[in-house]
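The values are calculated or read from the model by the stated rules, or taken from the named source; none is laboratory data. Keep in mind the model is a prediction, meaning the values are calculated, not measured. Every residue, glycine as well, gets a Cβ built from its backbone with ideal geometry; the counts of neighbours run over all protein chains shown. Side chains included, ligands, DNA and RNA excluded: accessible areas come from the protein's heavy atoms. Shrake-Rupley method; radii C 1.70, N 1.55, O 1.52, S 1.80 Å.
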Amino acid sequence: SDSLQAQHWRTQASLLVTCSDNHAPPTDLDHSSRRHESECLPRNNLFENLFCGESRTAAAIPVSSEVSEVAVGRLSARMVFADAGAFGAEGGGELKKNRFLSTTREVEDLNQYWYSNRTITHMALDVEEVCAAEGTRAAFLSTPSVYFSLSKEVRARSWCFDLDTQWHKEPGYVCYNFQTPVDFPGAAELRGTFDMVIIDPPFITREVWEKYAETARFLLRPGGGGHVMASTIQENAPFMRELLGVEPQVFQPSIPTLVYQYALYASYESKNLGVKNPEIPDDD
């Protein structure tokens with residue numbers, strides 16, 4: 001799954017999860033002039049300081065009050081087993097080759113875990129449809145694999161909010177730390193200018209989701225009607241509905257090197273997320 005993208009692990013009574021990706025505030029909102037000087041931590045310090053979207057870490061996160069021990073048991077029962085080829089980076093059939101998956105390796109020290117090609121394709125198709133009209137914009141919070149898989153036209157109108165500095169030269173990159181939800185480079189200019197937000201946090205607890213939800217509300221255009229897509233565990237559905245108005249979708253994401261199953265959520269009716277993912281086996 002894609003942030004540091006993001007990345008959703010678990011060690012017995014601890015939950016493991018995901019992470020995200022900066023310069024001076026932009027003078028306008030065009031990609032040609034919105035580059036930021038990086039203020040993010042060097043990559044070799046990221047792991048010891050903060051974990052990012054699509055980065056899942058075994059950081060011994062306490063079980064959230066919303067996730068019961070019964071739910072934890074269900075998580076273990078729904079583990080997905082996949083080999084490295086499950087990413088499907090080379091494509092085949094209706095799937096095109098995914099350049100991001102082919103060229104961007106998961107960094108072990110950051111515990112990065114990417115979505116599969118098919119999952120990225122379905123998520124990106126939704127973004128392309130929601131943001132098809134000129135002037136519409138999408139913000140990717142800790143979901144770099146989807147951002148970098150967009151068409152050139154839609155990507156030029158989108159922004160990648162992430163902590164990992166490997167993308168600092170990308171015109172749409174913004175250094176983002178969820179601990180300071182509305183304090184990032186260019187925040188004043190970016191506020192209320194997005195039609196869609198895609199989110200995959202580093203942790204699954206409500207406390208972290210409250211911070212991402214604050215960022216989402218800050219970025220979406222005022223007046224309601226904004227589109228939200230997110231990924232987390234199925235057991236978080238009640239507070240996901242409360243915080244972001246999203247509902248679990250039929251399409252479940254494949255994250256080949258993640259040990260348990262995530263769900264995709266959306267605040268709108270989605271054709272691309274309304275079908276079953278053939279990469280995910282049916283429950284017994």
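The figures follow:
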{"item": "From PRO256, PRO222, PRO185, residue being open to solvent by 40 Å² or more (accessible area, probe 1.4 Å) and either touching a strand residue (DSSP E or B) at 6+ places or on another chain (Cβ under 6 Å) or part of a loop (DSSP other than H, G, I, E, B) (or both)", "result": "PRO222"}
{"item": "Top-ranked residue in segment 188-219 [being among the acidic types (Asp, Glu) and part of a loop (DSSP other than H, G, I, E, B); ranked as surrounded by the most Cβ atoms within 10 Å (Cβ to Cβ)]", "result": "ASP200"}
{"item": "Number of the exception - LEU243 against (1) of a type in the set (A, V, I, L, M); (2) within 15 Å of MET196 (Cβ to Cβ); (3) open to solvent by 20 Å² or more (accessible area, probe 1.4 Å)", "result": "(2)"}
{"item": "Within segment 88-174, helices (runs of 4 or more DSSP H) holding 2 or more residues that are open to solvent by 40 Å² or more (accessible area, probe 1.4 Å)", "result": "99-103, 117-130, 152-155"}
{"item": "Tabulated pairs, segment 220-232, first more than 11 Å from LEU264 (Cβ to Cβ), second of a type in the set (Lys, Arg) and open to solvent by 60 Å² or more (accessible area, probe 1.4 Å), C-beta under 9 angstrom, 6+ apart or interchain", "result": "GLY226/ARG217"}
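A quick yes/no check of all residues on (1) of a type in the set (Val, Ile, Thr); (2) touching a strand residue (DSSP E or B) at 6+ places or on another chain (Cβ under 9 Å):
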residue	(1), (2)
THR232	yes, yes
PHE251	no, yes
GLN261	no, no
TYR268	no, yes
LYS276	no, no
